[in-house]
Amino acid sequence: MRRLIPTGDAARPVEFTQDAQPTPAPGEVLVKVEAFSPNRGETFLLEKPEPGLKPGKDVAGLVVQAAADGSGPPAGTRVVGHPAMGGWAEYATVPTHSVAVLPNEITTVQAAALPLAGITALRLLRTAGAVAGRRILLTGAAGGVGHYLTELAASAGAEVTAVTATAERGARLRELGAAAIVHDVAAAEGPFDVAMESTGGGALASALARLVPGGTLIWFGQAGRTPATVDFFDLLAGPENAVIRHFHYAGGPYGGDLATLLRLVAGGRLHAEIGRTADWSRTADVLVDLRERRIRGKAVLTIGASR
């Protein structure tokens with residue numbers, strides 16, 4: 001079978017190679033991958049790839065071999081899955097606790113855009129707690145997580161101020177329920193009950209300064225790749241007793257969250273935000289555009305026929 005592996009070349013970060021079809025462990029299904037979605041964080045791993053790295057965490061396709069232990073869906077079932085690695089290939093093994101069965105009305109392209117970004121958005125919202133009537137500041141809102149989180153938080157009753165670089169990207173976030181769009185954290189009119197910060201650098205301190213006393217900042221990324229610094233004394237003039245929480249989405253099982261995302265999409269309450277769809281022969285180009293923030297929302301690569 002064919003698989004994409006890292007090259008270490010920033011201009012062409014992946015290339016095709018021939019590899020043996022993976023053998024599933026007892027608690028895994030073998031999936032014929034029809035679509036997969038790279039995440040911007042994965043593009044950073046490709047810059048100096050670890051030996052043997054087989055990237056790919058968001059896949060959708062057809063189960064061609066059921067789990068030997070009897071868990072999970074049978075062969076012939078359309079699924080979305082979130083393996084630890086190895087998804088950028090014609091076949092991938094996925095733990096049965098981290099797959100969900102696709103409803104007929106959801107395509108594999110839509111489903112592939114959901115796992116990492118959607119699970120992150122769901123778990124961020126749970127971390128924030130009850131958000132109805134609360135003011136939320138969201139940085140890095142134009143990415144996959146930002147789109148899902150904006151829609152989920154707004155539908156739960158939150159007043160979301162989304163920070164995004166361009167008016168074009170902000171227009172879609174407005175459609176998804178954002179109450180306000182700003183292009184810099186410094187322009188956000190607080191105070192906010194919760195700030196969700198994913199860019200790092202000066203954005204974290206600026207977001208923190210806009211919290212209500214006792215407010216919470218949830219730090220879930222550093223997409224700008226610049227370390228954040230906070231001056232203790234700056235807090236004395238504003239958000240006294242603020243809480244800073246580090247957040248990382250990871251930790252299986254993922255199947256329950258995937259099923260929730262599918263239910264919301266099927267019910268029209270969540271939309272798969274896909275800014276680019278292409279054949280997987282174009283993966284290297286798509287990865288560069290994703291890294292350089294030239295794609296709004298998610299990118300999805302297709303392998304053969306997908307539906």
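Things worth noting here:
- Top-ranked residue in segment 104-123 [being of a type in the set (A, V, I, L, M) and buried (at least 24 other Cβ atoms within 10 Å of the Cβ); ranked as farthest from Trp88 (Cα to Cα)]: Ala121
- Ala84 being more than 27 Å from Gly52 (Cα to Cα), in contact with a strand residue (DSSP E or B) (Cβ under 9 Å, 6 or more places away or on another chain) and assigned to a loop (DSSP other than H, G, I, E, B): no
- Of the strands (runs of 3 or more DSSP E) lying entirely inside segment 138-210, those containing at least 1 residues that are in contact with a Phe, Trp or Tyr (Cβ under 7 Å, 6 or more places away or on another chain) and of a type outside the set (S, T, N, Q) are 192-197.
- Exclusive hit being over 21 Å from Leu114 (Cβ atoms) and either touching a Ser or Thr at 6+ places or on another chain (Cβ under 9 Å) or assigned by TED's automatic domain parsing to the domain that holds Ser198 (or both), set Leu53, Leu46, Leu62: Leu46
- Residue ID - nearest to Phe247 (Cα to Cα), chosen from residues in segment 108-130 that are part of a loop (DSSP other than H, G, I, E, B) and out of contact with any strand residue (DSSP E or B) (no Cβ under 8 Å at 6 or more places or on another chain): Gly129
- Residues in segment 67-81 that are β-branched (Val, Ile, Thr) and assigned to a strand (DSSP E or B) were compared, and the one that is surrounded by the fewest Cβ atoms within 10 Å (Cβ to Cβ) is Val79.
The values are calculated or read from the model by the stated rules, or taken from the named source; none is laboratory data. Note that the coordinates shown come from a computational prediction; the quantities given were computed from them, not determined experimentally. With ideal geometry, Cβ positions are generated from the backbone for all residues, glycine too; neighbour counts draw on all protein chains shown.
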